[in-house]
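Encoded as structure tokens, the structure appears first; notes follow it.
The values are calculated or read from the model by the stated rules, or taken from the named source; none is laboratory data. It should be emphasised that the depicted structure is a prediction, and the values quoted were computed from it without experimental measurement. Please note: Cβ atoms are built from the backbone with ideal geometry, for glycine as well, and neighbour counts cover all protein chains shown. With ligands, DNA and RNA removed, areas are computed over all heavy atoms of the protein, side chains included. Shrake-Rupley method; radii C 1.70, N 1.55, O 1.52, S 1.80 Å.
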Amino acid sequence: MRNISDMIEQHLKVLLIDSREGFVEIQRNDLAQQFSCVPSQINYVISTRFTLEKGYVVESKRGGGGYIRIQRIQLPSQQVIHAHVCDTIGDRIGQDTAEGLIYQLEESKTISRREAQLLRAAISRDNLYIKLPYRDELRARLLRAMLIALLGNS
């Protein structure tokens with residue numbers, strides 16, 4: 001059985017897919033009421049599952065008529081994806097940022113679920129038994145090499 005956070009995330013993703021504008025605007029309290037949860041649960045889902053690293057831009061407007069707007073960032077071409085990957089990775093990359101990039105590539109169907117799982121396993125701090133900052137440097141080199149092999153040199 002899925003937990004409430006998974007259900008809220010899935011609901012928001014369906015709304016985004018169905019949106020003609022490419023974004024969705026929600027009222028936190030309304031969504032909390034719909035899922036019979038506290039509004040802070042909505043905040044948690046949005047702040048952990050709809051991040052820039054995962055390919056989303058979130059804006060919020062506070063006040064009486066306030067809303068939260070979630071927009072998916074589109075990766076239009078292989079060249080743009082390649083540039084985005086290289087810019088994001090840099091000389092070193094932390095595990096959270098690396099996993100966010102992998103998530104974004106998987107969500108955009110640029111890489112398969114299996115490829116994403118392999119990438120996550122290879123860059124995991126559990127498998128890279130060296131101290132920082134060397135671990136983040138090694139992770140960047142491994143991730144860059146694997147993604148170049150997967151995506152090609154376009």
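Could you please find all residues in the range 113-132 being open to solvent by 60 Å² or more (accessible area, probe 1.4 Å) and outside any helix (DSSP H, G or I)?
Answer for the range 113-132, where residues must be open to solvent by 60 Å² or more (accessible area, probe 1.4 Å) and outside any helix (DSSP H, G or I): Arg125, Asp126, Asn127, Tyr129, Ile130, Lys131, Leu132.
Quick test for you: out of Ala122, Ala98, Ala116, pick the one residue that is touching a Lys or Arg at 6+ places or on another chain (Cβ under 7 Å) and at pLDDT 90 or above. Don't jump to the end; show me each part of the working.
Values: Ala122 fails: touching a Lys or Arg at 6+ places or on another chain (Cβ under 7 Å); Ala116 fails: touching a Lys or Arg at 6+ places or on another chain (Cβ under 7 Å).
Within the list Ala122, Ala98, Ala116, the selection yields Ala98.
Search the range 120-132 for residues that are closer than 10 Å to Glu99 by Cα and pair each with any residue that is aliphatic (A, V, I, L, M) when their beta-carbon atoms are under 7 Å apart and the residues are at least 6 apart or on different chains.
Short answer, once both residue conditions are applied: Arg120/Ile102; Ile123/Ala98; Ile123/Leu142; Ile123/Leu143.
Any idea how many residues of the range 18-29 are under 15 Å from Ile70 (Cβ atoms), part of a helix (DSSP H, G or I) and open to solvent by 90 Å² or more (accessible area, probe 1.4 Å)?
1
Scan the range 31-72 residue by residue and report those that are under 19 Å from Gln10 (Cβ atoms), open to solvent by less than 70 Å² (accessible area, probe 1.4 Å) and not in a helix (DSSP H, G or I).
Answer for the range 31-72, where residues must be under 19 Å from Gln10 (Cβ atoms), open to solvent by less than 70 Å² (accessible area, probe 1.4 Å) and not in a helix (DSSP H, G or I): Phe35, Cys37, Phe50, Thr51, Lys54, Gly55, Tyr56, Val58, Ile68, Arg69, Ile70, Arg72.
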